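Visitor: Dropping a structure here in structure tokens format, bear with me for questions.
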Amino acid sequence: MVRLTALLRDPLKLKQAVAPAITSWWKDVPLGPPDVILGIYEAHKVDPNPNKVDLTVGAYRCENGKPYVLKTVLQAEQNIVDKQLDKEYNDIGSEYFREVTYRLAVGEELCDRPHVSVQSISGSGSIKIAAEVIKRLYKGNQLVFIPNPSWVYHAPMFELSGVNTAFYRYYDERSHYIDHSGLMTDLTYMPDNSIVLFQMVGHNPTASDPSPEQWREMSRILKNKNVLVFFDMAYQGFGSGCTETDAYAVRHFIKEGHKVVFAQSYSKNLGMYSVRVGAATFMVDGKDDGQPILDQMKHLAMCSYGQPPIHGSQVVEEIFRDKNLQKSWHEELHMMVDRIKKMRELLTMKLKAIGSSHDWSHIMKQQGMFFFSGLSVEQCEKLINDHSIYVVKNGRMAIPGINEKNVDYVAQCLHQVTK
Ligand SMILES: Cc1ncc(COP(=O)(O)O)c(C=O)c1O
């Protein structure tokens, strides 16, 4: 690194090193891209209509419309307080945290496969750190193929890391489900050495997940292309209610010998949205392969946010160390997913009962946190402006915002805007 004294001795270098005269440091900074979801959520908060319904944010709500803190998490937190655990720096996450989190993804059968992982800042931070490593280390074609549509931050996360993105076909607007032939065709023509991103379960925003048979077909198509398969596993457990069932895709791809990277999150399945705990994992060929990747992830973490927060990982550790807490976690996860399924059924029934002739069959066909309604921007705006039902304008609705008290109103309004 150059020293100031050296620069002062060389006026030409000094001139090149610093900016020309600046009158205002920040005046040319453009506005950042608007956050389409949070903006609508904020508008909901200030709406005085007593009938308002928030279906924007992808977070679980109880029957009373309030956020839900898992009793399992509260108990684990109590244990942490009782044990007076320390709050030392957390490095890349404890070995135990990383091990149980890895096992949650791959199951017992694959737990000995060589891999490296770091605890990171929930799903988002884990995707970002993996994207940064890919940018630096991956020698193949640095183009990540992303489903169309996908979570709004997937593309910018990779692009901001300097990795280009392109879409592959995923969703069919007519059937409101997977575009089987488009998806398989695009995977077939995907160039060798590409990177492909899959959402493992609870696809955001389409709520449409491939069946095990479709995952197997996708794996077969990609088998000899030497692709890097990147799984975003943010909703593990939120599809079926079972973390094992929901992990089918990542386990199948690993068994089939694909190069796999995955990002995990405890935001949704443990309801620890703002606790920010998750992990990024690279499956590698052998232990020697892994060390540079691990070093890079650690360095990138140190140069961006330092070390990951310890509170969430202690909660996770407490749960995995205690069979009763594990059991209660899985029960609560089931309870959340069951309520979502019940609301899908109830909404479908109510729409039928009030005589809607619109095709609503996709409410039941889709799964996970969302209902991707297929409503147009205009219809969504009517829901928001005329009825105070807050939805994302691409038609995505978070089912947990529906409950037995507001389901009639939601059904009536959906009927109104689709007549
Ligand atoms: C598909 C998908 N991936 C990742 C995330 C990241 O969530 P978090 O950073 O809270 O784990 C989200 C959040 O909504 C998501 O929908």
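Visitor: Among the residues that make up the stretch 82-89, is at least one of them more than 30 Å from LYS405 (Cα to Cα) and either among the polar types (S, T, N, Q) or surrounded by 14 or more Cβ atoms within 10 Å (Cβ to Cβ) (or both)?
Guide: Kept after step one, since they are more than 30 Å from LYS405 (Cα to Cα), are these residues of the stretch 82-89: 82-89.
Checking which are either among the polar types (S, T, N, Q) or surrounded by 14 or more Cβ atoms within 10 Å (Cβ to Cβ) (or both) leaves us with 84-85.
The answer is yes; a qualifying residue exists.
Visitor: Next question, about the same structure. Among the residues of the stretch 212-224, is there at least one that is in a loop (DSSP other than H, G, I, E, B) and modelled with pLDDT of 95 or more? If you could, list the steps in order and put the result at the bottom.
Guide: If we filter the stretch 212-224 for residues that are in a loop (DSSP other than H, G, I, E, B), which is where we start, we get none.
Looking for residues that are in a loop (DSSP other than H, G, I, E, B) and modelled with pLDDT of 95 or more, one finds none in the stretch 212-224, hence no.
Visitor: Taking the conditions exactly as written (within 29 Å of ALA76 (Cα to Cα) and within 16 Å of the ligand (Cβ to nearest atom)), does TYR248 satisfy them or not? Walk me through how you get there before you give the answer.
Guide: On the way: within 29 Å of ALA76 (Cα to Cα): yes; within 16 Å of the ligand (Cβ to nearest atom): no.
No.
Visitor: When you look at ALA234, is it under 27 Å from ASN193 (Cβ atoms), touching a residue at least 24 places away in the same chain (Cβ under 8 Å), within 16 Å of the ligand (Cβ to nearest atom) and out of contact with any Leu (no Cβ under 8 Å at 6 or more places or on another chain), yes or no? Explain how you work it out, then say what you get.
Guide: Details: under 27 Å from ASN193 (Cβ atoms): yes; touching a residue at least 24 places away in the same chain (Cβ under 8 Å): yes; within 16 Å of the ligand (Cβ to nearest atom): yes; out of contact with any Leu (no Cβ under 8 Å at 6 or more places or on another chain): yes.
Criteria met by ALA234.
Visitor: Is there any pair linking a residue in the stretch 8-29 that is at pLDDT 85 or above to one that is open to solvent by less than 90 Å² (accessible area, probe 1.4 Å) and of a type in the set (A, V, I, L, M), with Cβ under 7 Å and at least six apart or on different chains, and which?
Guide: So the pair list comes out as LEU8/LEU14; LYS13/LEU7; LEU14/LEU7.
Visitor: Next question, about the same structure. Name the single residue that is surrounded by the fewest Cβ atoms within 10 Å (Cβ to Cβ) among those in the stretch 1-51 being among the charged types (D, E, K, R) and under 27 Å from the mean Cα position of the chain (by Cα).
Guide: At the first step, the residues of the stretch 1-51 found to be among the charged types (D, E, K, R) are 3, 9-10, 13, 15, 27-28, 35, 42, 45, 47.
Then drop every residue that is not under 27 Å from the mean Cα position of the chain (by Cα), which leaves 35, 42, 45.
Numbers: ASP35: 12, GLU42: 12, LYS45: 9.
Across the stretch 1-51, the extreme among qualifying residues is LYS45.
Visitor: Follow-up. Just to confirm my filter: which strands (runs of 3 or more DSSP E) fall fully inside the stretch 111-210 and include at least 2 residues that are away from the ligand (no atom under 16 Å from the Cβ) and at pLDDT 95 or above?
Guide: 115-120, 164-169
Visitor: Give the residues of the stretch 50-72 that are outside any loop (DSSP other than H, G, I, E, B) and within 16 Å of the ligand (Cβ to nearest atom), sorted by residue number. Outline the logic, then answer.
Guide: Step one: list which residues in the stretch 50-72 are outside any loop (DSSP other than H, G, I, E, B), which gives 53-54, 61, 67, 71-72.
ASP54, ARG61, PRO67 - these are the residues of the stretch 50-72 that are outside any loop (DSSP other than H, G, I, E, B) and within 16 Å of the ligand (Cβ to nearest atom).
Visitor: Still on this structure: Do we have ALA280 as closer than 27 Å to ILE221 by Cβ, within 15 Å of the ligand (Cβ to nearest atom) and in a helix (DSSP H, G or I) here? Give the steps one after another, and end with the answer.
Guide: Working: closer than 27 Å to ILE221 by Cβ: yes; within 15 Å of the ligand (Cβ to nearest atom): yes; in a helix (DSSP H, G or I): no.
Here the answer is no, as ALA280 does not meet what is asked.
Visitor: May I ask you to list pairs of residues, at least six apart or on different chains, whose Cβ atoms are under 8 Å apart, with the first in the stretch 108-126 being closer than 23 Å to LYS255 by Cα and the second being more than 9 Å from the ligand (Cβ to nearest atom) and among the aromatic types (Phe, Trp, Tyr)?
Guide: Here the result reads CYS111/TYR102; HIS115/TYR102; HIS115/PHE282; VAL116/PHE282; SER117/TYR102; SER117/PHE282, each pair linking the stretch 108-126 to a residue that is more than 9 Å from the ligand (Cβ to nearest atom) and among the aromatic types (Phe, Trp, Tyr).
Visitor: Kindly evaluate ARG344 against the criterion of being farther than 23 Å from ILE80 by Cβ, of a type in the set (Lys, Arg) and in contact with a Cys (Cβ under 9 Å, 6 or more places away or on another chain).
Guide: On the way: farther than 23 Å from ILE80 by Cβ: yes; of a type in the set (Lys, Arg): yes; in contact with a Cys (Cβ under 9 Å, 6 or more places away or on another chain): no.
No.
Visitor: Still on this structure: Does ILE80 count as in contact (Cβ under 8 Å) with a residue 60 or more places away in the chain, of a type in the set (Val, Ile, Thr) and under 28 Å from LYS341 (Cβ atoms)? Show your work before the answer.
Guide: Working: in contact (Cβ under 8 Å) with a residue 60 or more places away in the chain: yes; of a type in the set (Val, Ile, Thr): yes; under 28 Å from LYS341 (Cβ atoms): no.
For ILE80, the condition - in contact (Cβ under 8 Å) with a residue 60 or more places away in the chain, of a type in the set (Val, Ile, Thr) and under 28 Å from LYS341 (Cβ atoms) - is not met.
The values are calculated or read from the model by the stated rules, or taken from the named source; none is laboratory data. Remember, predicted model here, so these are calculated numbers, not experimental data. Heads up, the Cβs are rebuilt from the backbone with ideal geometry, glycines too, and the neighbour counts pull from every protein chain shown. Heads up: the accessible areas ignore ligands, DNA and RNA and are worked out on the full protein's heavy atoms, side chains in. Shrake-Rupley method; radii C 1.70, N 1.55, O 1.52, S 1.80 Å.
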